[in-house]
Amino acid sequence: MWYTVQPGDSLYTISQRFGVTIAQIKSANQLTSDIIYVGQRLYIPIGIQAPVVYTVRPGDTLYLIARRYNTTVDSLMALNNLSSTELRIGQQLTIPLYTEAVVNVGTANIRRGPGTNFGIITRMTNGARLPVIGFSNNWYQVRLYNGREGWISGSIVTRNVYSGRRPITGVLGFYTLEEGPTLPSSFTSFANNTGQLSSTALFMFRISAANPTTIEKFGEFTDQDVRNLVAIAHRNNVKIMPVVHNLLYRPGGTTLAKNVVKTLVSDPRNRNAFALNLVNLIERYGFDGVNIDIEDVFIEDSDNLSLLYTEISEVLRPRGYFFSASVPSRVSDEPFNPFSDPFNYSVIGRAVDEFVVMLYNEFGWPGSPPGPAVTIGWMERVLRYTMSKMPRDKIMAAVSVFGFDFNLTTGRNTYVTYQSAINLARRYNSEIIFNEERQTPMFTYRDAQGNQHEVWFEDARSLRSKIQLAWELGIKGVALWRLGMEDPNIWPMLRNEVVVRKF
């Protein structure tokens, strides 16, 4: 859980309060000394995140307790069924870990202050979920999709207060255009489930091979198509950003992709021009920031690649734009995989607001043995390394909602969505089993040509286990690649078994 340092606090007193060691607090927060300051946010590694119970001490007030735990007096009173602000020494209070206000009218005004005399900032639609950060005279101070703050009347929302009995997590949904008859667009999945998404990232833009300082459209769509998606996201309080990538150049493939990056990062003028073009892209469509998804890089360009992330940050941050990066998985500082070795986690982690670590594909690469795109063990191994390089509240674990059909006879594998996997199992009358070690469903079948197959895919249960691990590790949340390929049962699972935080 997260804790805000108060006057008189020391690492010793905080460690005693939460039953952890000073070394554990320092390790979890990458502290190099025992010096802390008032207002500093510290992650307290209390193990599995469960309801936090606080015992009232002499001098405590609800206001002081709320301030200490980054919550409000209103939320404390609601969660503990208090009718008065009076406290008694020894009284036990459950600490709210997250509070949201859910719009329960057709359209709701978000204002600059707590009253109808304040100007309107934006409007939200019915069902929009807004994280609560303050309260005054039946008005809730809320955080919006772009990181700004506003106020909404308590008379037009339903307030929900959460103790941590259910995992509380951010959810980023990647959005793509239709990729073929069996790979539909993400639109329906996105538009129908905004309440269970914190943010979305549109895989619709690419670094131009002709001029790598510029950005081109990836796929067929109009400017109005993009603006419609932005409008849907914003009226439901979902952060939205473009993904700008260096993938799928035809002809040219990965060699061209690497040369595109080389040209981009090798000259500081190119890096700066690219960063300014990112600003132009954000402002053209009204995005909230950008996600950079660079995946194919020559190892000798590693240092210049790090400079690119740093310099993009220096351009975006003063303008108030969110900076997210999707980065291949690493498990150590030592060379491990030429695909991920060029990425310096420490430098990139300092530069970005959000570090999306792409956990796929543990299995499923050309020539791979059969297995899931992401096992629970691999997820934990990568995340523990990532957490050693940056604050954990920046980290999003990107997991698959797809799977692979491994032809064991030919040694080839093919991409499968949840539905196509289910269709295969039905066609061949195969029993689906849930592999407890890998926390993923699978089945086998023999095709009409006599080839033996093994299919590994993802469902609501496997995603639930990954969300649980993300919660236990205290990271920001999970990212889903990609919307439209998932088990439809993940959405009721997210509604009923998980609390999705907006940020």
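A short reminder: the numbers here are calculations on the coordinates, not readings from a lab. Keep in mind that what you see is a predicted model, and the values were worked out from it rather than measured. Every residue, glycine among them, receives a Cβ derived from its backbone with ideal geometry; neighbour counts consider all protein chains shown.
Structural remarks
- Lysines with Cα under 20 Å of Lys217, excluding same-chain neighbours fewer than 8 positions away: Lys258
- CD proxy at 222 nm, helix term only [per DSSP H run n ≥ 4: -39500 (n - 2.57); per residue of the chain; nearest 500]: -8500 deg cm²/dmol
- Neighbourhood net charge (9 Å Cβ-Cβ; Lys/Arg +1, Asp/Glu -1) for Glu497: +3
- Neighbour-count ranking [beta-carbon atoms within 10 angstrom, fewest first] of Leu308, Leu247: Leu247, Leu308
- Neighbour-limited loop hits for GluC sites (Glu not before Pro), the range 424-498 (at most 15 other Cβ within 10 Å; DSSP other than H, G, I, E, B): Glu431, Glu436, Glu437
- Which label in (i) 65, 48, 33; (ii) 90, 59, 45; (iii) 74, 55, 52 gives the computed Cα extents along the principal axes in Å: (iii)
- Cα gyration tensor shape for the range 48-165, rounded if a/c is under 1.5, else prolate or oblate: prolate
- Euclidean distance of C-alpha centroids, the range 432-503 and the range 374-392, integer Å: 18 Å
- Each Lys and Arg Cβ is given +1 and each Asp and Glu Cβ -1; about its Cα centre, the chain then shows a dipole of about 1440 debye.
- Cα gyration tensor category, rounded, prolate or oblate, for the range 321-362 with a/c compared to 1.5: oblate
- Exposure rule at most 15 other beta-carbon atoms within 10 Å, DSSP loop trypsin sites (Lys or Arg not before Pro): the chain longest free segment: 166-503
- Amide H contacts under 5 Å for Asn70: Thr4, restricted to partners 5 or more places along the chain or on a different chain, H placed in the peptide plane at 1.01 Å from N.
- Prolate is the label for the range 353-503. Its Cα gyration tensor axes, ordered a ≥ b ≥ c, give a/c of at least 1.5 and a/b above b/c.
- Annotation note: chymotrypsin sites (Phe, Trp or Tyr not before Pro) in the range 97-136 located in DSSP loop regions with a Cβ neighbour count of at most 16 within 10 Å are Phe118.
- The amide H of Val157, built 1.01 Å from its N in the peptide plane, has Asn104 as neighbours under 5 Å, considering only residues 5 or more places off or on other chains.
- Amide hydrogen neighbours beyond the local backbone of Val238, cut-off 5 Å, H modeled: none
- Based on C-alpha pairs under 8 angstrom that are at least 6 apart in sequence, the chain has a relative contact order of 14 percent.
- Net charge of Cβ neighbours under 13 Å - reference Gly39; Lys, Arg +1; Asp, Glu -1: +2
- Neighbourhood charge, 12 Å Cβ-Cβ cut-off, centred on Arg350 and excluding it, Lys, Arg +1 and Asp, Glu -1: +1
- The range 1-96: chymotrypsin sites (Phe, Trp or Tyr not before Pro) in DSSP loop, at most 13 other beta carbons within 10 Å: Tyr37
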